[in-house]
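The values are calculated or read from the model by the stated rules, or taken from the named source; none is laboratory data. What you are looking at is a predicted structure, and each value in this text was computed from that prediction instead of being measured. All Cβ positions, even for glycine, are placed from backbone atoms using ideal geometry, and neighbour counts span all protein chains on display.
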Amino acid sequence: MGITPNSELRIPNLSVDIAGLKLKNPVMTASGTFGYGEEYSEFLDLNRLGAIVVKGLSITPRQGNPTPRIVETPAGMLNAIGLQNIGVNVFIRDKLPFLRQFDIPVIVNFFGDSIDEYIHAAEMLSNAEGVHALEMNISCPNKQAGWIVFGTDPKTMEQVVTAVRKATRLPLIVKLSPNVTDIGLMAKIAENAGADAVSLINTITGMVVDVKKQRPVLANNTGGLSGPAVRPIAVRMVWEVYKVVKIPIIGMGGIINANDALEFLIAGARAVAVGTANFINPNVTIEIIEGLEKFLIDEGFSDINEIIGSLKIS
Amino acid sequence: MSKYFKAKTVDNISLNKHFRLLNLSPLSDIDIPQPGQFYMLQTGDTCDPLLKRPFSIFRHEENSLSFLYRIRGKGTLSLSRLKSGDIINAIGPLGNSYPVPDGDFIALAGGIGIASLLPLMRKFKERAYLFYGARSKEELVMMDEAKAVSKESFITTDDGSEGKKGLITDSLMKFFNSLPITHHPLPLYACGPTPMLRELYRIIKSKIQNPKSQIIECYVSMEEYMACGVGVCLGCVVKVRSQEPVDSSQKWIYKRVCKEGPVFDIKDIIWE
């Protein structure tokens, strides 16, 4: 009898390594679009995800902004939720036990109003069982330094990343703001300050005007733009960052299908995060994972790592 | 349990220039919706509109879901273009539902608000005192069915083209005043525009403040912009009174219309 080909051997490898984390596949959820995991667990098997990134947390709970907080825009949406969250303590007590039952890395997004708050949150989360990595949201203002946004000022960003690096041994991901002139420079600063990975892009600041009232639609006046509308900007920024840093990149911005995810991977992202698309299709992450696998099979790749950063520039 | 499912458009009937009735046939098993619950419906097949829109369940029958809607913006305009046979994605049933009334009850509907209340009135046939107001006769959508399942009905229009001319909350006030103050109060269920609900709150509050009158149970279905419908985007929050506020200088917290709502006790909402 001859050797029968084992069909399992032909299933391509989808797993990737990010900052010491081993992901089953490169698809994770974007912070703020997937709650604390529980909300979507009735729609999909969380164990199939590459990783889960939970809603951003601060040391103390936050009420968030007044409404309207969201408005739809062509192929996108603006949000100004105002970082409403339950706080680090309640998260550890009430939400983390649920997440511990899954066999996937839990990445916790966090932020602060000051460097001290960042340090404090990072320390508490690092001591909690079941947190596998931290993602720093640096797109918020520093109240100790004249409300300069941490992530748009190179010096402030360097200070806060350096401080958090000393406060945690967990893999540290810095989530970059696109509201800067040179995102490559910001990524480089994060890398030099000790980040294990960068994720990009956070939302792009925008505004929608109600012409009859001559007022902004959002109570906060401005909000962060997400959805397919931002995708080409995000892909371009991932490519720019890929050229200047050695640490892994998590790419995000308007991904709604496997083809979109592939654009990011080819441009240099080692993993991708899906955000706004979860709202439209709770099962979208699973469909993207299946779509990636199909692409690799159809195109004759045996490992997803073969296509990461494979962009050909003439 | 809510589900993400595909559904086939059976028909999408134009009732008049404002209103349509969309009948969907789910392509997989779905859970039975309760009166007051809603679905997130895909309204188009491009990225614009991008997000699903929330719609109250209007009627549920075996393997069929009906939604009554008014063409108001991009989403509902896009929904109005669905043709028989078109397939859309939906999520639901979502949110809480109207608490079950013990006996007779009052249903207060403003315009398209009738869509959310009719399932309750149908389920508890001839137990509702219906108060239904709209701008004009043609905006009193589904009035005949609503009257037919009610015990008694009171109709108003702003222009007097049907029923009494005036506000439906004025009719409700008169009804309250016609009852002896010791009359056992009927639970009240309301859905409609915010000015109507605010006026209802004023009426309820004045009754509460009268020591002789009994407490009225009053439930309102709230509306807010929402992106996800399942509690994660935190777009659809309303201010609700709380003993354990996030900020100790306040006496309220934000609750999600999609998850803790859409039905709230009117006394819990902070009406601004």
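Could you please give the count of residues in the range B:220-250 that are more than 9 Å from every other protein chain (Cβ to nearest Cβ) and among the charged types (D, E, K, R)?
Going through the range B:220-250 one residue at a time, the tally reaches 3.
Which pairs do you get when a residue that is modelled with pLDDT of 95 or more, found in the range A:97-122, comes within reach of a residue that is among the acidic types (Asp, Glu), reach meaning Cβ atoms under 6 angstrom, with the pair 6+ apart or on two chains?
A:PHE98/A:GLU38; A:ILE107/A:GLU135; A:ASN109/A:GLU135
Of the residues that make up the range B:141-153, is at least one surrounded by 13 or more Cβ atoms within 10 Å (Cβ to Cβ), in contact (Cβ under 8 Å) with a residue 60 or more places away in the chain, over 24 Å from B:GLN37 (Cβ atoms) and out of contact with any Ser or Thr (no Cβ under 7 Å at 6 or more places or on another chain)?
Checking the range B:141-153: not a single residue is surrounded by 13 or more Cβ atoms within 10 Å (Cβ to Cβ), in contact (Cβ under 8 Å) with a residue 60 or more places away in the chain, over 24 Å from B:GLN37 (Cβ atoms) and out of contact with any Ser or Thr (no Cβ under 7 Å at 6 or more places or on another chain).
Of the conditions (1) surrounded by fewer than 20 Cβ atoms within 10 Å (Cβ to Cβ); (2) within 14 Å of another protein chain (Cβ to nearest Cβ), A:TYR36 fails just one. Which one is it?
Looking at each condition in turn, A:TYR36 falls short on (1).
Among strands (runs of 3 or more DSSP E) lying entirely in the range A:128-207, which contain 2 or more residues that are within 17 Å of the chain's Cα centre (by Cα) and closer than 15 Å to A:GLY56 by Cβ?
So the answer is A:133-137, A:172-175.
Return the total of residues in the range A:45-64 being in a loop (DSSP other than H, G, I, E, B) and of a type in the set (Val, Ile, Thr).
Counting residues in the range A:45-64 that are in a loop (DSSP other than H, G, I, E, B) and of a type in the set (Val, Ile, Thr) gives 2.
Which residue is farthest from the other protein chains (Cβ to nearest Cβ), if the candidates are limited to the range A:65-74 and must be crowded, with 19+ Cβ neighbours inside 10 Å and outside any strand (DSSP E or B)?
A:ASN65
What number of residues in the range A:208-229 are assigned to a strand (DSSP E or B) and either aliphatic (A, V, I, L, M) or out of contact with any Ser or Thr (no Cβ under 8 Å at 6 or more places or on another chain) (or both)?
Qualifying residue count, the range A:208-229: 4.
Just checking, which of B:ILE208, B:ILE216, B:ILE204, B:ILE253 is more than 18 Å from B:PHE55 (Cα to Cα), within 14 Å of another protein chain (Cβ to nearest Cβ) and either in contact (Cβ under 8 Å) with a residue 12 or more places away in the chain or in a helix (DSSP H, G or I) (or both)?
B:ILE253
Here is a list: A:LEU172, A:LEU225, A:LEU200, A:LEU176. Which entry is within 14 Å of another protein chain (Cβ to nearest Cβ), surrounded by 19 or more Cβ atoms within 10 Å (Cβ to Cβ) and either closer than 26 Å to A:VAL16 by Cβ or among the aliphatic types (A, V, I, L, M) (or both)?
A:LEU225
Kindly indicate the residue of the range B:21-30 that is surrounded by fewer than 21 Cβ atoms within 10 Å (Cβ to Cβ) and assigned to a strand (DSSP E or B) and also nearest to the other protein chains (Cβ to nearest Cβ) among those meeting that condition.
B:PRO26
Take the residues of the range B:256-272 that are in a loop (DSSP other than H, G, I, E, B) and among the hydrophobic types (A, V, I, L, M, F, W, C): which is surrounded by the most Cβ atoms within 10 Å (Cβ to Cβ)?
My answer is B:CYS258.
Could you list, in sequence order, all residues of the range B:43-88 that are within 21 Å of B:ARG256 (Cβ to Cβ) and touching a helix residue (DSSP H, G or I) at 6+ places or on another chain (Cβ under 9 Å)?
B:LEU50, B:LEU51, B:LYS52, B:ARG53, B:PHE55, B:SER56, B:ILE57 - these are the residues of the range B:43-88 that are within 21 Å of B:ARG256 (Cβ to Cβ) and touching a helix residue (DSSP H, G or I) at 6+ places or on another chain (Cβ under 9 Å).
If A:ALA167 passes every condition in (1) free of Cβ contacts under 8 Å to residues at least 60 places away in the same chain; (2) within 14 Å of chain B (Cβ to nearest Cβ); (3) of a type outside the set (D, E, K, R); (4) touching an Asp or Glu at 6+ places or on another chain (Cβ under 8 Å) but one, which one does it miss?
Result: A:ALA167 fails condition (2) only.
Scan A:ILE255, A:ILE308, A:ILE286 and give me the residue that is out of contact with any strand residue (DSSP E or B) (no Cβ under 8 Å at 6 or more places or on another chain) and of a type in the set (A, V, I, L, M, F, W, C).
It is A:ILE286.
Which one of these does A:LYS95 not meet: (1) of a type in the set (Lys, Arg); (2) surrounded by 20 or more Cβ atoms within 10 Å (Cβ to Cβ); (3) within 28 Å of A:VAL230 (Cβ to Cβ)?
It fails just one condition, (3).
Every residue in the range A:239-272 that is within 23 Å of B:VAL230 (Cβ to Cβ) and either assigned to a loop (DSSP other than H, G, I, E, B) or within 14 Å of another protein chain (Cβ to nearest Cβ) (or both), please.
A:GLY253, A:GLY254, A:ILE255, A:ILE256, A:ASN257, A:ASP260
The conditions are (1) assigned to a strand (DSSP E or B); (2) within 14 Å of chain A (Cβ to nearest Cβ); (3) acidic (Asp, Glu), and B:ASP11 fails exactly one of them. Which is it?
(2)
Of B:SER248, B:SER150, B:SER161, which residue is more than 27 Å from B:ARG122 (Cβ to Cβ) and part of a loop (DSSP other than H, G, I, E, B)?
Selected residue: B:SER248, the only one of B:SER248, B:SER150, B:SER161 that is more than 27 Å from B:ARG122 (Cβ to Cβ) and part of a loop (DSSP other than H, G, I, E, B).
Does B:THR169 fit the bill of being surrounded by fewer than 21 Cβ atoms within 10 Å (Cβ to Cβ), modelled with pLDDT of 95 or more, of a type in the set (Val, Ile, Thr) and closer than 22 Å to B:GLU223 by Cβ?
Against the criterion (surrounded by fewer than 21 Cβ atoms within 10 Å (Cβ to Cβ), modelled with pLDDT of 95 or more, of a type in the set (Val, Ile, Thr) and closer than 22 Å to B:GLU223 by Cβ), B:THR169 does not qualify.
Does B:LEU140 count as of a type in the set (A, V, I, L, M, F, W, C) and closer than 22 Å to B:TYR201 by Cα?
no
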